[in-house]
Amino acid sequence: MKQSKYFNPTLRDNPADAEIKSHRLLVRAGFMRQNASGIYSYLPLGKKVLMKIEEVIRRELDEAGAQELLMPAIQPAELWQETGRWDVYGPELMRLKDRHDRAFALGATHEELITSLVRDELSSYKQLPVILYQIQTKYRDERRPRFGLLRGREFIMKDAYSFHSSEKQLDEAYNLMHATYSKIFTKLGLNFRPVVADSGAMGGQDTEEFMALSSVGEDTIAYSDASDYAANIEMAEVHVAYEKSAEAEFPLTKGEAEAALDRQIHPTIVKVKDETILVLVRGDHKLNDIKVKNLFSTDMVDVPDEAVDIKEFKGTIIADHAVKAMVNAVVTGAHAYQNLNPERDLTIERFEDLRFIQEGDPAPDGKGTIVFAEGIEIGQVFKLGTKYSETMKASFLDEGGKAQPIIMGCYGIGVSRTLAAIAEQSADENGLKWPLAVTPFDLHLITINVKDADQTTLSDRLYNTLRDIRYDVLYDDRKERAGVKFKDADLIGLPLRVIVGKKASEGIVEVKRRDTGESVEVHVDELTTTLQQLFSQMN
Ligand code: ATP
Ligand code: MG
């Protein structure tokens, strides 16, 4: 592709709204443009990277025996009403009406749609297992779209769904998808880690997230400094044996007192299924609403910002394990107390693990200490079980001819988010550094001075021969100064650059690596050998 003709608008300055490197660079280098908050166009360079990522995903999934299909983005509301998610999903689900006033959703995910498909088509255990996937645009009206492609409102997802006649079959598919995801993210050149996750509103059993490690990640991973243990902090169990001190218990009094955080109790009101519950955690700990949600097996907990008098509270009180060991604790705020001894002064229904894990806590597997890292969730694997097949009546006939709900798994990869995660991990201040597997072009051929006949003749010749041997070449034939061309080349970030300059008359060109910045001069006769060698070193 000749760059003089290529639709690749680059920007000298950073876009004002771009807070992170990948967003800034992808816009500046002309890979994408924003059309509305969280909604983007992929320009030719960006589209090429997307297709490369999709190619890696497709190859590995097909190899694993998954079959690609394509479902509609527009889904009838009735399907979402069948599972109850029409109400549960909330404002994230984009809804619309057709001319007959029928309600539809723009697909945020496709469990309902695919379950409705298979329930009509799969009927016997003999047809199972099946793994189906698609690569498709999803819609979620995110509260806070940000960081470019990392959190969009329209984004590209690979979603796969598996269907089984037994738990054993599901386990096999889950493990296969897990292994396949590891292969995919490795091929994509990402630094990533699978972590134990929360099954959330999907209501499943086992689930793991694949996290690209990055300081801009919105998720925090708690991992052990001494073992393979890694979990999303939402899920990491706290295993601490709190010791109660032997100090004497004083009488409870009202009023403010100064106290270190670990001597304080922080009360929080939560609303679970129309019930108001009081949750107590130690002042130096943070309430984990996901643990509350899982405790009550509900999809939603609301945490209104309400002050509460814990002595006057009439409903159920639950507390974190740490609270049990507290003596003469302090409550601050509008309804302050001193010398509160939880079990003496309150009716606490149960003590549970209700707080977020912290750095320095012992790892739940008993090996080592917890350390935190930030991650970008690029994929997730779920065991759904029969949640959707039961509510949507998708069943198969087992060997005895008895109808059973189909057992399901689902597996997502954020394709456009993965693009941004790769950009975030593989870039420097001057621009992007595409890994070979996803680079938009293999080579950047640059003529330093297009007014020099030797340079243009040689460049044109190389452009043809390199393409003949199947390199995808971006040819900078523009009438720009060398400085501008090099800046753009750094920004775009193709792995190897072939620079045709002053020594063109001697048949000598320079080859430069984007990743290390190293360069060598070679005679054009040796060019292809040199390129092959360099590419093989980069694999
Ligand atoms: P998050 O917690 O980041 O909102 P999620 O857990 O809701 O994501 P899933 O339903 O698991 O997302 O979707 C599968 C994959 O799709 C995610 O692992 C992520 O990579 C990607 N994804 C989800 N939401 C977005 C979004 N708003 N923009 C881009 N990619 C997304
Ligand atoms: Mg997820």
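Counting protein heavy atoms only, segment 260-352 has 45 percent of its accessible area on carbon and sulfur, 1.4 angstrom probe. Annotation note: trypsin sites (Lys or Arg not before Pro) in segment 459-539 located in DSSP loop regions with a Cβ neighbour count of at most 15 within 10 Å are ARG470, LYS479, ARG481.
Tell me the per residue accessible area of the chain using a 1.4 Å probe; a whole number in Å² is fine. Walk me through the intermediate numbers first.
Values: 24680 Å² over 539 residues.
On a per-residue basis, the chain sits at 46 Å².
Under the combined filter of DSSP loop state and at most 12 neighbouring Cβ atoms within 10 Å, segment 207-265 retains these trypsin sites (Lys or Arg not before Pro): LYS244.
Taking square-rooted eigenvalues a ≥ b ≥ c of the alpha carbon gyration tensor, is segment 84-203 rounded, prolate or oblate, where a/c under 1.5 means rounded and, failing that, a/b exceeding b/c means prolate? Judged from the Cα gyration tensor, segment 84-203 comes out oblate (a/c at least 1.5, b/c at or above a/b).
Backbone phi angles across segment 220-233, fed through the Karplus curve with coefficients 6.51, -1.76 and 1.60 (θ = phi - 60°), yield HN-Hα couplings of 10, 9, 9, 10, 8, 7, 9, 8, 7, 4, 8, 9, 5, 4 Hz in residue order; Gly and Pro are listed as x. Subtracting the Cα-Cα distance of THR186 and ASN341 from their residue separation scaled by 0.36 nm leaves 50.5 nm. When the chain is described by a simple charge dipole with +1 on each Lys and Arg Cβ and -1 on each Asp and Glu Cβ, the residue from SER123, PHE163, SER536 located farthest towards its positive end is SER536. Taken about its Cα centre, segment 260-352 carries a charge dipole of about 260 debye when Lys and Arg each add +1 at the Cβ and Asp and Glu each add -1 at the Cβ.
Centre-to-centre, using Cα atoms only, segment 245-318 and segment 370-445 are separated by 36 Å.
Between amide H atoms placed 1.01 Å from N, distances below 5 Å from LYS2 occur with TYR475, all of them 5 or more places distant or on a separate chain. Summary value for the chain: 17 percent relative contact order, contacts being C-alpha pairs under 8 angstrom separated by 6+ residues.
For segment 443-538, what does the relative contact order come out to in percent, with C-alpha contacts under 8 Å and a separation of six or more? Relative contact order here is 28 percent.
Considering all projection directions equally, how large on average is the shadow of the alpha-carbon convex hull of segment 443-538, in square nanometres? Walk me through the numbers on the way to the answer.
Details: hull surface 21.8 nm².
For segment 443-538, averaging the hull's shadow over all directions gives 5.5 nm².
Ranking request for peptides 55-63, 20-28, 129-137: highest mean number of other beta-carbon atoms within 10 Å first, then the rest in descending order.
On the way: 55-63: 17.0, 20-28: 23.1, 129-137: 18.6.
Highest-to-lowest ranking by the protection proxy: 20-28, 129-137, 55-63.
Label zone of ASN449 (point 7 Å out along Cα→Cβ, amide N under 17 Å): in segment 455-497 this covers 455-460, 477-486. When the Cα positions of ALA231, LEU496, ALA179 are compared along the charge dipole of the chain, LEU496 comes out farthest toward the positive end, with charges on each C-beta of Lys, Arg, Asp and Glu. Extension gain, GLU19 to LEU534, is 182.0 nm, computed as 0.36 nm per intervening residue step minus the present C-alpha separation.
Kirkwood analysis of the Cα pair distances in the chain returns a hydrodynamic radius of 26.9 Å.
I need the calculated FRET efficiency for the pair SER123 and THR391, taking r as the beta carbon distance and R₀ as 30 Å, to the nearest 0.05. Each step should come with its number before you reach the end.
Numbers: r = 18 Å, r/R0 = 0.62.
Once rounded, the FRET efficiency stands at 0.95.
The stretch between SER215 and ALA403 holds 62.8 nm of extra length on full extension. This uses 0.36 nm per residue minus the Cα-Cα distance.
Mind listing which trypsin sites (Lys or Arg not before Pro) in segment 310-340 are in a DSSP loop and have 16 or fewer other Cβ atoms within 10 Å?
Values: sites: LYS311, LYS314, LYS324; in loops: LYS311, LYS314.
Sites meeting the loop and neighbour criteria: LYS311, LYS314.
First check a/c for segment 260-352, with a ≥ b ≥ c the square roots of the eigenvalues of its C-alpha gyration tensor; if it is under 1.5, answer rounded, and if not, answer prolate when a/b is larger than b/c or oblate otherwise. Verdict is prolate for segment 260-352.
Given R0 = 51 Å, the distance between the Cβ atoms of LYS487 and THR298 translates into a calculated FRET efficiency of 0.40. Please work out the Cα center distance from segment 78-98 to segment 169-241, rounded to the nearest Å. Value for the Cα centre distance between the two parts: 28 Å. If only the Cβ of Lys and Arg carry +1 and only the Cβ of Asp and Glu carry -1, the dipole of the chain around its Cα centre is close to 2060 debye.
The values are calculated or read from the model by the stated rules, or taken from the named source; none is laboratory data. The shown structure was predicted, so the numbers you read here are calculated from the model rather than taken from an experiment. Because the Cβ atoms are built from the backbone with ideal geometry, glycine has one as well, and the counts that use them run over all protein chains shown. Accessible surface is based on the protein model in full, side chains and every heavy atom, while ligands, DNA and RNA are left aside. Shrake-Rupley method; radii C 1.70, N 1.55, O 1.52, S 1.80 Å.
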